[in-house]
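Participant: This is the structure I have questions about; it appears just below.
The values are calculated or read from the model by the stated rules, or taken from the named source; none is laboratory data. In this text the structure is predicted, and so the values were computed from the model without any measurement. Heads up, the Cβs are rebuilt from the backbone with ideal geometry, glycines too, and the neighbour counts pull from every protein chain shown. Surface areas here come from the heavy atoms of the whole protein model, side chains and all, with no ligands, DNA or RNA. Shrake-Rupley method; radii C 1.70, N 1.55, O 1.52, S 1.80 Å.
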Amino acid sequence: MHTRIAIIGSGFAGLGAAIRLKRHGIDDFLVFERASDVGGTWRDNTYPGCACDVESHLYSLSFALEPGWTRRFSRQPEIWAYLQRCAREFGILPHIRFKHEVQSARWSDRARRWELDTTGGSFTADVLVVAAGPLSDPITPDLPGLARFEGRAFHSAQWDHGLDLRGRHVAVIGTGASAIQFIPEIQKRVAALHLFQRTPAWVLPRPDGRIPASHQRLYRRLPILQRATRLAIYLFRESFVVTFAHPALMRPARRLALWNMTRSIADPALRARLTPAYAMGCKRILLSSEYYPTVAQSNVEVVTTGIREIRPHAIVDGEGRERAVDTIIFATGFRPTDPPIARAIRGREGLSLAEAWQGSPKAHRGSTVSGFPNLFILLGPNTGLGHNSVVYMTEAQIDHLLGALRYMQTSGVGVIEPTPDAQARWVDAIDRRMRATVWMTGGCASWYVDRTG
Ligand code: N01
């Protein structure tokens, strides 16, 4: 079956692209989704406390504002329901092929189209939009002895809701954005909580709260008020970009993070273990007002000596000390710089994206890749940010896609891609502008940078 445009993924980016295509009068597109519902990372991550750390008025599609958000920082069920509603109300569902995982996509120079093999059959498309998401494939470290562990073990993105955590001895591996959200939720239920922290995070307070029903009514009646709120949030957040570019300006935020810790944790040794040794912003800055008070509880321990091995009923730390555990929760993140989909997509020369990138993803405007005609990546390289809404970034890339489609149509061009030179110039310019930023100078490893920096 042939379609003009094939979109991979039905999370924020894929749905956003599909809706914008439809609003532009383009109906000839299909969305391939490996799961049986829309929502991407907001469908998959159901761990307790899962929420967005960007305000919902901004972390939503600009053309589908939701006046009824009940919290400033919405929880996962509300965000997922929003995406399901968008898919339904904008008429996207008939375009979605659920349970169709794209296993390979090859560009055919002869046919001048993409040839897709999915778990639901084969398709061809003129244009391929990759909206598979940088946070869709969880990563679990291959720790020595893990296969012999006799308790329950799962990743935070694949939460085991059938397991009652009451009275259990739990190890959490990783202390990033996901961990600090579910740790306060589970601490009261478990008997013991051992947090295996490799690198501490900078954690700012999260000014969360309910949005009163009166505000929701007002937003419904006067949408311009919601637009103004959204703009104010955007501008406030965007003003912080200067602190990422000039790390010395992070000092006030750093003081706030240290205050966030010291107001809840009296023990200086514990504070020392929780204080990052790298510049703030180098890794993603986290937001939580509950994390530090939770870590200070008597059934919680922060282990910073690493993991030597897993035994059937225990974890042995780097110093040889054994802790009895019956549950391991991996909060060890995803594969943003090495996405599996990059191995499935093959361009003009038969090379896969992963082979072309060699571990260092590159694209013109974070979207298009030389040698990969009519391919558009949403949330591609250099589009992840640390201060603002990634949904906003996605929409900018969707604009770019629509501009390219318009150009192809009006000029009769059938195939479009950046020249190697244009791509190299773009990437060099980005690299130059990144050089002084906290991601490059902050002294940490993070998923904002790949192995080449
Ligand atoms: O994953 P992470 P996440 N042994 O990669 C540690 C987004 N998100 O699932 O820092 C021991 O941030 C690792 O340690 P280190 C958000 O963009 C958004 O928490 O590498 N530890 C780290 O502590 C976020 O950035 C929201 O030294 C190991 C942790 O595991 C992204 O999702 C909410 C290890 C991984 O942290 C991913 O978050 C939640 C090992 N072998 C998440 N390997 C929003 O609100 C890794 N670690 C929008």
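Participant: Could you list, in sequence order, the residues of the stretch 199-223 that are in a loop (DSSP other than H, G, I, E, B) and surrounded by fewer than 15 Cβ atoms within 10 Å (Cβ to Cβ)?
Facilitator: Correct list: PRO207, GLY209, PRO212, LEU222.
Participant: How many of the residues in the stretch 137-164 are in contact with a Ser or Thr (Cβ under 6 Å, 6 or more places away or on another chain) and of a type in the set (Gly, Ala, Ser)?
Facilitator: 2
Participant: For residues that are under 24 Å from the mean Cα position of the chain (by Cα), more than 8 Å from the ligand (Cβ to nearest atom) and either among the basic types (Lys, Arg) or in a loop (DSSP other than H, G, I, E, B) (or both), tally how many sit in the stretch 139-184.
Facilitator: Final tally of qualifying residues: 5.
Participant: Then there is this: Does any residue of the stretch 80-101 turn out to be within 16 Å of the ligand (Cβ to nearest atom), within 29 Å of GLU290 (Cβ to Cβ) and part of a strand (DSSP E or B)?
Facilitator: no
Participant: Can you tell me which residues in the stretch 271-289 are in a helix (DSSP H, G or I) and either open to solvent by less than 20 Å² (accessible area, probe 1.4 Å) or within 14 Å of the ligand (Cβ to nearest atom) (or both)?
Facilitator: Selection gives ARG273, LEU274.
Participant: Is it the case that the stretch 243-251 has a residue that's open to solvent by 60 Å² or more (accessible area, probe 1.4 Å), of a type in the set (Val, Ile, Thr) and closer than 25 Å to TYR448 by Cα?
Facilitator: No: the stretch 243-251 contains no residue that is open to solvent by 60 Å² or more (accessible area, probe 1.4 Å), of a type in the set (Val, Ile, Thr) and closer than 25 Å to TYR448 by Cα.
Participant: Restricting to the stretch 50-78, give me the number of residues that are open to solvent by 10 Å² or more (accessible area, probe 1.4 Å), more than 19 Å from LEU235 (Cα to Cα) and either away from the ligand (no atom under 11 Å from the Cβ) or over 16 Å from the mean Cα position of the chain (by Cα) (or both).
Facilitator: 8
Participant: Related question: Just a yes or no: is a residue in the stretch 3-20 part of a loop (DSSP other than H, G, I, E, B) and open to solvent by 20 Å² or more (accessible area, probe 1.4 Å)?
Facilitator: Looking for residues that are part of a loop (DSSP other than H, G, I, E, B) and open to solvent by 20 Å² or more (accessible area, probe 1.4 Å), one finds none in the stretch 3-20, hence no.
Participant: In contact (Cβ under 8 Å) with a residue 24 or more places away in the chain, in a strand (DSSP E or B) and within 16 Å of the ligand (Cβ to nearest atom), is that true of VAL129?
Facilitator: no
Participant: Would you say PRO184 is modelled with pLDDT under 95 and crowded, with 17+ Cβ neighbours inside 10 Å?
Facilitator: So PRO184 fails the test.
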